[in-house]
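The values are calculated or read from the model by the stated rules, or taken from the named source; none is laboratory data. Only a predicted model underlies this, so the values are computations on that prediction, with no experimental measurement involved. Note: ideal-geometry Cβ built from the backbone for every residue, glycine included; neighbour counts use all protein chains shown. Accessible surface is based on the protein model in full, side chains and every heavy atom, while ligands, DNA and RNA are left aside. Shrake-Rupley method; radii C 1.70, N 1.55, O 1.52, S 1.80 Å.
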Amino acid sequence: MRKRIAVVMGGTSHEASISLLSGAAVAKALRQAGREAIEVRLTRDAVDEVPRDVDAVFIALHGGYGEGGGIQADLDALRLPYTGPGAAASRLCMDKPAAKAAFRRGGVPTPEGAVVSAEAAAFRPPFDLPVVVKPPRDGSSVGLSKVTEPGQWAEAVRLAAAQDVRGEALVERYVPGRELAVGVLMGKALPVLEIVAPGGWYDWQAKYAEGGSRHIFPDEDALTREAQRLAERAYVATGCRGAVRVDFRLSPEGELFVLEVNTAPGCTARSLLPEAAARAGLPFPELCARLAEAAAYGE
């Protein structure tokens, strides 16, 4: 049994404050499960502060270095096992256009999308409105916009491109309907969650603010089973391991579209994956302990 776990949190991304909440919750849960949890707050994109004498590293970093393959590659070099997907899968899932290509190869439906440069703000959108504009290589809804009128286009592109290392934006056809999330734990889908956000728009405020959204478990039926099947397929198509969250849109016509795979799902009190695991009979301390036991290095 892995007893001594370093919980890595904080970091340099704009999601550092949420990461600190996740990390503190994970450390508490691991202690409740009888593990020794060492809280490691990163202040830069490096693993210098991570103890070498631990049995595993629990990655509670969100975005940037923690979610895009950086810390994974550094821990691989140290041969320290860690939670979540490996470096290559993490890089792939953080690169939304590349992930969408992997979805299509794996038979996973995803909204039509196009990458545009910041200069595209001066031109027409590549698709009829409404569209969604987001950073191609970032997470958690920062820089995300829904464009319903031509006058919103330029600012949406500028906002998304400002968050991207290449100064680009990803434009997707907007899929109206419902927001679903399916956690996948060791390749097996957890119960489907529906997110009911104010105005139907699941942005940063809806995700993290108190009372920002409601989470509902729909009754199990053919639709929820299909969402679980597609989530498992997306997990395989992107080469993931450990626990991830697959985000969906469900159209009024009953069509499911995968938006992205989140390789470092939040572990705050309002986070979706722990809720779904608890629904499946896996309390949070047991979930964290199981993830620590499954930690690995390399691909």
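Of the residues GLY113, GLY70, which single one is over 29 Å from TYR174 (Cα atoms) and either at pLDDT 95 or above or β-branched (Val, Ile, Thr) (or both)?
GLY70
Inside region 1-118, counting only strands (runs of 3 or more DSSP E) that do not spill past its ends, which hold 1 or more residues that are basic (Lys, Arg)?
Details: elements: 4-10, 36-42, 56-59, 113-117.
By residue number, 4-10, 36-42.
Selection within region 165-185: residues that are within 27 Å of LEU250 (Cβ to Cβ) and assigned to a loop (DSSP other than H, G, I, E, B). The member of this set that is most open to solvent (accessible area, probe 1.4 Å) is PRO176.
Only residues that are more than 13 Å from the chain's Cα centre (by Cα) and either open to solvent by 40 Å² or more (accessible area, probe 1.4 Å) or hydrophobic (A, V, I, L, M, F, W, C) (or both) were counted in region 242-253, giving 3.
When the residues of region 284-299 are filtered to those that are modelled with pLDDT of 95 or more and open to solvent by 40 Å² or more (accessible area, probe 1.4 Å), the one that is nearest to ASP247 (Cα to Cα) is PHE284.
Number of residues in region 239-266 that are in a strand (DSSP E or B) and either over 27 Å from LEU61 (Cβ atoms) or of a type in the set (Ser, Thr, Tyr) (or both) equals 3. In region 243-256, the residues that are charged (D, E, K, R) form Cβ pairs under 6 Å with partners that are assigned to a loop (DSSP other than H, G, I, E, B), at six or more places apart or across chains, as follows: ARG245/PRO265; ARG249/VAL175; ARG249/GLY177.
Which one is most open to solvent (accessible area, probe 1.4 Å), of the residues in region 259-271 that are among the hydrophobic types (A, V, I, L, M, F, W, C) and modelled with pLDDT of 95 or more? Only one residue tops the list, namely LEU259.
Might you check whether a residue that is of a type outside the set (Val, Ile, Thr), over 26 Å from GLU253 (Cβ atoms), assigned to a loop (DSSP other than H, G, I, E, B) and open to solvent by less than 30 Å² (accessible area, probe 1.4 Å) occurs anywhere in region 142-164? Within region 142-164, one or more residues are of a type outside the set (Val, Ile, Thr), over 26 Å from GLU253 (Cβ atoms), assigned to a loop (DSSP other than H, G, I, E, B) and open to solvent by less than 30 Å² (accessible area, probe 1.4 Å). Applying the criterion of being of a type outside the set (A, V, I, L, M, F, W, C) and without any contact (Cβ under 8 Å) to a residue 60 or more places away in the chain to the residues of region 99-116, the residue that is surrounded by the most Cβ atoms within 10 Å (Cβ to Cβ) is LYS100. Within region 186-212, the set of residues being surrounded by fewer than 19 Cβ atoms within 10 Å (Cβ to Cβ), modelled with pLDDT under 90 and out of contact with any Ser or Thr (no Cβ under 6 Å at 6 or more places or on another chain) comprises PRO198, GLY199, GLY200, TRP201, GLN205, ALA209, GLU210, GLY211, GLY212.
For region 275-299, a residue qualifies if it is over 19 Å from LEU75 (Cα atoms) and in a loop (DSSP other than H, G, I, E, B), and the qualifying residues are ALA280, GLY281, LEU282, PRO283. For region 119-141, the tally of residues that are outside any loop (DSSP other than H, G, I, E, B) and closer than 24 Å to ALA234 by Cβ stands at 4.
Looking at region 30-49, can you tell me whether even one residue there is closer than 18 Å to GLU293 by Cα and open to solvent by less than 20 Å² (accessible area, probe 1.4 Å)? Scanning region 30-49, I find at least one residue that is closer than 18 Å to GLU293 by Cα and open to solvent by less than 20 Å² (accessible area, probe 1.4 Å), so the answer is yes. Residues in region 80-98 that are in contact with a Leu (Cβ under 6 Å, 6 or more places away or on another chain) and either under 21 Å from ARG290 (Cα atoms) or open to solvent by less than 20 Å² (accessible area, probe 1.4 Å) (or both): TYR82, THR83, LYS96.
Of ALA77, ALA16, ALA60, which residue is closer than 20 Å to ALA296 by Cβ, surrounded by fewer than 24 Cβ atoms within 10 Å (Cβ to Cβ) and of a type outside the set (D, E, K, R)? Just one listed residue meets the conditions, ALA77.
Only one of the listed residues (ARG137, ARG124) is modelled with pLDDT under 95 and either in contact with a helix residue (DSSP H, G or I) (Cβ under 7 Å, 6 or more places away or on another chain) or open to solvent by less than 50 Å² (accessible area, probe 1.4 Å) (or both). That residue is ARG137.
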